[in-house]
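Data first, discussion second: the structure below is written as structure tokens.
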Amino acid sequence: MVTPMQLLLNDYQAHDAINEGKAFANSNIALIKYWGKRDADLNLPITDSLSIHLPGLGTEASVRILDGDCHQISIDGFALGTDHAAFKGLNNYLTAISDITKHHYHLSLRFTIPVAAGFASSASCFASIALACNDLHQWNLSTKNLSIMARLGSGSACRSIEAGFCHWHAGESDNGLDSYATQLDLTWPELCIGLLHIDNTPKPYSSRLAMSHTQKTSFLYQAWPTQVAHDLKVVQQAINTHDFQALGETAEHNAESMHACMSSAKPALFYSQGNTLAAKAQVFKAREQGIPMYYTQDAGPNLKCLFLQHDLDAVLDVFPNLQVIQPFGDAGE
Ligand code: 2P0
């Protein structure tokens with residue numbers, strides 16, 4: 001049987017490898033969420049989704065060919081044992097590549113973002129591995145094929161190959177060759193993302209399990225694809241016209257709709273903590289006081305606030321410890 005990785009890499013096997021492949025990939029935050037799969041093995045989504053990158057926050061990957069008969073993986077300088085929670089997924093991903101290249105690898109990962117806490121660390125992780133392998137083997141894969149390759153590790157990773165606003169097209173084919181992200185040719189220099197760290201310890205259940213459980217047991221989930229199709233159009237238009245209110249309202253509503261699907265699952269899934277709810281109440285209150293700010297929330301208790309640069313001081317009065325990112329500011333270009 002031809003594997004999805006073979007579909008991508010068959011033409012590229014013969015290239016010579018260099019000594020070490022390296023890459024950094026940014027994390028991304030979905031403004032329109034990916035929640036639910038039509039193929040769990042290939043990470044093929046039910047719906048499109050749309051994200052913004054977090055410049056400087058993500059994963060640096062370095063990959064070398066090993067003489068041994070198994071892969072070696074380290075995170076932040078520490079070798080992973082086979083019983084480490086992250087080992088299996090990373091090892092399987094490397095094996096899908098080594099089945100074709102017939103090499104084993106030493107993979108070293110460094111994170112500049114909390115891992116498994118709802119900051120999309122798996123997105124930057126698998127995107128950085130795909131990019132580093134492409135560098136090592138000098139495959140010169142297109143951004144489209146790199147996006148597909150990253151998706152095979154983790155769905156949201158396909159949105160971390162390029163920067164800026166990225167639109168993941170769900171696609172329809174069984175092999176997933178039409179399911180990848182493309183960068184929108186649009187910027188928004190005033191747009192700020194504020195990371196509100198509530199609890200950075202690893203989440204209680206993986207997104208992968210939570211997605212599948214939601215799909216199987218939530219009666220609200222049947223409304224989700226329609227909701228996403230509507231929200232996606234509104235957000236695309238808002239980005240086109242720099243309509244911040246439409247962007248913020250829709251992104252917040254989309255995130256809450258995703259969490260509503262989870263809370264109507266059986267048994268219910270909750271990523272929010274008490275402090276998450278308290279922070280949401282502060283955002284609502286800030287809006288009542290005339291500060292245009294919104295939030296989005298992923299599979300974790302932390303919030304990501306959305307606001308414009310000229311409201312930065314007012315937003316910092318509400319959340320003094322906010323980690324402020326400007327995706328299209330100096331650091332993001
Ligand atoms: C997203 N999330 O669009 C959504 C919103 C979390 C909440 O993509 O199973 O780690 O590896 O494809 O990509 C997190 O899920 O899941 C995610 P897999 P992934 O960002």
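Key figures for this structure:
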| read-out | value |
| --- | --- |
| Two-site FRET efficiency, residue 19 against residue 95, from Cβ-Cβ distance with R₀ of 25 Å, rounded to 0.05 | 0.70 |
| Violating pairs (Cα-Cα greater than 25 angstrom) within the set 203/266; 22/233; 33/233 | 22/233 |
| Shape box of segment 92-212 [Cα atoms, principal axes, largest first, Å] | 44, 34, 29 |
| Summed residue charge, Cβ within 9 Å of residue 63's Cβ, Lys/Arg positive, Asp/Glu negative | 0 |
| Most positive-pole-ward Cα, 250, 176, 219, against dipole of the chain from beta carbon charges | 219 |
| Stretch gain in nm, segment residue 260-residue 291, where the contour uses 0.36 nm per residue and the Cα spacing is subtracted | 8.6 nm |
| Ratio of Rg to Rh over segment 4-183 (Cα coordinates, Kirkwood Rh, two decimals) | 0.94 |
| Inter-site label distance for residue 208 and residue 144 at 7 Å from Cα along Cβ, in nm | 2.8 |
| Backbone HN-Hα couplings from phi across segment 246-254 [Karplus 6.51/-1.76/1.60, Hz, Gly and Pro as x] | 5, 4, x, 4, 6, 5, 5, 5, 5 |
| Efficiency of FRET from Cβ geometry, residue 190 and residue 6, R₀ 56 Å, rounded to 0.05 | 0.80 |
| Placed amide H near residue 270: partners under 5 Å, 5+ positions off or other chain | none |
| Hz values of 3J(HN,Hα) by residue in segment 185-194 - Karplus curve (6.51, -1.76, 1.60), Gly and Pro given as x | 7, 9, 10, 8, x, 7, 6, 10, 10, x |
| Per residue convex hull volume, Cα atoms of segment 252-333, in Å³ | 105 |
| Length gained when the stretch residue 237-residue 323 is fully extended (0.36 nm per residue, less Cα-Cα span) | 28.2 nm |
| Residue (of 322, 207, 267) at the positive-pole extreme of segment 191-332, dipole from beta-carbon charges | 267 |
| Long-range amide H partners of residue 48 with built H, under 5 Å | 170 |
| Values of log10 I(q)/I(0), in the order q = 0.12 Å⁻¹, for segment 191-332 under a Debye, Cα-only, solvent-free model | -0.53 |
| Long-range HN-HN contacts of residue 303 with modeled amide H, under 5 Å | 196, 198 |
| Contour minus Cα-Cα distance for residue 223 and residue 102 (0.36 nm per residue) | 39.1 nm |
| Folded to 0 to 90 degrees: helix 87-101 orientation relative to the chain principal axis, Cα | 50 |
| Note, ³J(HN,Hα) from phi for segment 308-320, Karplus 6.51, -1.76, 1.60, rounded to Hz, x at Gly and Pro | 9, 4, 6, 9, 4, 4, 5, 5, 5, 5, 6, 10, x |
| Rounded to 10°, Cα long-axis angle of helix 274-288 versus longest principal axis of the chain | 50 |
| Ranking of 159, 110 by count of other Cβ atoms within 10 Å, fewest first | 110, 159 |
| Cα Rg over Rh - the chain, Kirkwood | 0.97 |
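Any read-out appearing in this document is the output of simple, stated calculations on the displayed coordinates, not a laboratory observation. Given the structure is predicted, the values throughout are model-derived calculations rather than measurements. Glycine also receives a Cβ, built like all others from the backbone with ideal geometry; neighbour counts cover every protein chain displayed.
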